[in-house]
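**Q** My questions will all concern the structure given below.
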Amino acid sequence: MVVLYIILSWIGAVVIHECGHCIVAWLLKINIARLGLFGFVIDNQKKIRFEGSGLGSFVVFRNAKPTVLNLGILYAGGAVANVLVVMLLPLKAGLGVETFTLMNGVIAAVTLLPLNNLATDGSMLLNLVMNPEETVLHYTVSYFLTNEYTEKFDALLPQVLSTLDGPLGKVQESHIIIYLSYLNYVCALKKGRLENEQKQLVKKVFNTVLSDKRMKSRYLSDYMVGEVMTQKLINGKNSVGDYKELHKLPILLKRRIAYLLDPEDTGKKADYYQEITTTAQGEATLMINGELSYLAL
């Protein structure tokens, strides 16, 4: 019976935690792009799918006007919900209620630990405090990548280049991926009309990322390789067929490179769209899903 209480309490506390994030997002009028609970994921199209046997949960936001304040409230919302449960439930109300109360306290405490590898709320809050401008920039770039193409999209270029031209150690790896994807889109959509100084800085940034020894996660072997190769092909004279290492890439990234090199080719656009919607995307899911909106260009 005790084990059952623990399992049910854990499930309930996790659900309350994510509900806390979602309620805060609703109050701040921030769109929820994806919600994951124990391997099941629901997106903003209200489509539910099973993505694995995950024991945790997550919420992905699309923040149109990110600020240090609203990001901090979003990150803390889950733990606050768990703490409220602890405060409101009676201290002596039977083993089941006491277990549930304790579990909410544990979930609140654990999620506030600054564990970067697990992308906990605590790590997000710490990064927000240490790098507020970069964190706000990341959410701004992410929003435009996943929602709309406007002049504001292009206007972010100096900030992105400045961020990546500084010490990469201060930038989260998942943020770097978003920035590289952004740079590739700017280069592809402008069709080489970047200023020469900007072109050189873009090239420098990609070379720096490629040679960074700390980039050892799956991002490097999957999505980041595709980003770097795309940039080399956009700025170089070689064609996709001339690139000797291209055969090692997943078909999804091959389609992506072909599309970015020629965004107006409706056939390449359709091939890429079909590949996105039918392929298991792994850790690249967020970035690749964001590109669906750009297929309309």
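The values are calculated or read from the model by the stated rules, or taken from the named source; none is laboratory data. What you see is a predicted model; the values in this text were computed from it and never measured. Ideal geometry is used to build each Cβ from the backbone, glycine not excepted, and the neighbour counts take in all protein chains shown. Note: accessible area is taken over every heavy atom of the protein model, side chains too, but ligands, DNA and RNA are not part of it. Shrake-Rupley method; radii C 1.70, N 1.55, O 1.52, S 1.80 Å.
**Q** How many percent of the accessible area of the range 79-180 is carbon or sulfur, using a 1.4 Å probe?
**A** Solvent-exposed carbon and sulfur of the range 79-180 make up 67 percent of the total.
**Q** In addition: Please arrange E173, E98 by accessible surface area, largest first, computed with a 1.4 Å probe and ligands excluded.
**A** E98, E173
**Q** Give me the accessible area per residue for the range 124-211, probe 1.4 Å, as a whole number in Å².
**A** On a per-residue basis, the range 124-211 sits at 47 Å².
**Q** Which length gain, in nm to one decimal place, applies between L95 and M130 when the Cα-Cα distance is subtracted from 0.36 nm times their residue separation?
**A** The L95-M130 span can extend by a further 8.5 nm.
**Q** For the pair C19 and E264, what calculated FRET efficiency results from E = 1/(1 + (r/R0)^6), where r is the Cβ-Cβ distance and R0 = 51 Å, to the nearest 0.05?
**A** Details: r = 44 Å, r/R0 = 0.86.
Efficiency, rounded to the nearest 0.05: 0.70.
**Q** Right, another one. By how many nm would the segment from L27 to K203 grow when fully extended, if each residue of separation counts as 0.36 nm and the alpha-carbon distance is taken off?
**A** Computed gain between L27 and K203 is 59.2 nm.
**Q** Something else now. Can you give me the orientation-averaged projected area of the convex hull built on the Cα atoms of the range 76-177, in nm²? Don't skip to the answer; put the middle values down first.
**A** Working: hull surface 33.5 nm².
With every direction weighted equally, the projected area is 8.4 nm².
**Q** If you count, for each residue, the other Cβ atoms within 10 Å and average over each peptide, how do 157-169, 69-81 line up from highest to lowest?
**A** By packing density, highest mean first, the sequence is 69-81, 157-169.
**Q** Select from the range 95-165 those chymotrypsin sites (Phe, Trp or Tyr not before Pro) which occupy a DSSP coil region and have at most 16 other Cβ atoms within 10 Å, ordered by residue number. Can you show the working numbers first?
**A** Numbers: sites: F100, Y139, Y143, F144, Y149, F153; in loops: Y149.
Here the sparse-neighbourhood loop sites are Y149.
**Q** Expected output is a single nm value to one decimal: the length gained when fully extending between A109 and V68, i.e. 0.36 nm times separation in residues minus the C-alpha distance. What is it?
**A** 12.6 nm
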